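Engineer: Mind having a look at this structure? Questions to follow.
The values are calculated or read from the model by the stated rules, or taken from the named source; none is laboratory data. Keep in mind it's a predicted model, so treat the numbers as computed, not measured. Cβ atoms come from the backbone with ideal geometry, glycine included; neighbour counts cover every protein chain shown.
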Amino acid sequence: MSLTSDHGLKHPQQLEDLLMYRLTRVVRTCGLPLVRLFEGELGITRREWHVLALVVQEGELAPSRIAELCWLDRPRVSRAVSRLVERGLLLRQAAGRSALVRATTEGKALYARAMAEAGAFNEALVDGLDATELGQLDALLNKLQSRARTLRDAPVPGRPVQRHAGGTRDRHGPTESTSTPR
């Protein structure tokens, strides 16, 4: 299927034509079963799951690095880390003027259980796609992510960043995690 010049994704005329709106709808539609899993069965928020998953996958991390990988501000990461430490899922160790966080045995076990459940949900979600479509989807998502980074990092002439009005410093750094648990 080729996009004609009047295709809604190329030239949006209404809300349903906006790519970000459609992607958000998919995420929110899928979110409820995952919230039930994480908060109901496992007793952690999706934010805590994201932090725990990154620490298990990446190994020992500084909270500032977790914030970069999670695309969250440091206070939110700090609160999530504190709750996970209180539950015995993470350990925080002093490292000079900073700290390092690593997963406990209990944290790794919870991660394994959550990943199995989230993985099963993911498999069910993509079950209607054949191997070619899965490959295309993966390639397109990678291409969109690359383009999104380019647009995020490009200066907008005549528009200075106004942090009090929703702008941000580049707190996320040049690298991103390849993991996507939420």
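Engineer: For the stretch 31-75, enumerate the residues that are farther than 19 Å from Glu86 by Cβ, among the hydrophobic types (A, V, I, L, M, F, W, C) and more than 12 Å from the chain's Cα centre (by Cα).
Structural biologist: Within the stretch 31-75, Leu32, Leu34, Val35, Leu37, Ala62 qualify.
Engineer: Can I ask one more? Would you mind telling me which numbered condition in (1) closer than 30 Å to Pro75 by Cα; (2) not in a helix (DSSP H, G or I) His7 fails?
Structural biologist: It is condition (1) that His7 fails.
Engineer: Continuing with the same structure: Please name all residue pairs, on different chains or six or more residues apart, with Cβ atoms under 9 Å, provided the first residue is in the stretch 34-57 and is at positive phi and the second residue is crowded, with 21+ Cβ neighbours inside 10 Å.
Structural biologist: Every condition considered, the pairs that remain are Gly43/Leu110.
Engineer: Only one of these is under 20 Å from Val26 (Cβ atoms) and not aromatic (Phe, Trp, Tyr): Leu90, Leu54, Leu125. Name it. Step through it out loud before you land on a result.
Structural biologist: Details: Leu90 fails: under 20 Å from Val26 (Cβ atoms); Leu54 fails: under 20 Å from Val26 (Cβ atoms).
Checking each option against the conditions leaves just Leu125.
Engineer: Being assigned to a helix (DSSP H, G or I) and either without any contact (Cβ under 8 Å) to a residue 60 or more places away in the chain or surrounded by 14 or more Cβ atoms within 10 Å (Cβ to Cβ) (or both) is the filter here; which residues of the stretch 122-135 pass it? Even if it seems obvious, please write down each step before you answer.
Structural biologist: Taking the stretch 122-135 first, the residues assigned to a helix (DSSP H, G or I) are 122-126, 131-135.
Matches in the stretch 122-135: Asn122, Glu123, Ala124, Val126, Ala131, Thr132, Glu133, Leu134, Gly135.
Engineer: Let me ask you something else. Which one of Ala154, Ala80, Ala148, Ala109 is surrounded by 11 or more Cβ atoms within 10 Å (Cβ to Cβ) and either over 17 Å from Glu48 (Cβ atoms) or of a type in the set (Lys, Arg) (or both)?
Structural biologist: Working: Ala154 fails: surrounded by 11 or more Cβ atoms within 10 Å (Cβ to Cβ); Ala80 fails: either over 17 Å from Glu48 (Cβ atoms) or of a type in the set (Lys, Arg) (or both); Ala109 fails: either over 17 Å from Glu48 (Cβ atoms) or of a type in the set (Lys, Arg) (or both).
The conditions single out Ala148.
Engineer: On to the next question. Filter the stretch 30-72 for residues that are surrounded by fewer than 17 Cβ atoms within 10 Å (Cβ to Cβ), part of a helix (DSSP H, G or I) and at pLDDT 90 or above and give the result.
Structural biologist: Gln57, Glu58, Ser64
Engineer: Another question, if that's okay. Which of (1) free of Cβ contacts under 8 Å to residues at least 24 places away in the same chain; (2) touching a strand residue (DSSP E or B) at 6+ places or on another chain (Cβ under 8 Å); (3) assigned to a helix (DSSP H, G or I) does Gly107 not meet, given it meets every other one?
Structural biologist: So Gly107 meets the others, but not (1).
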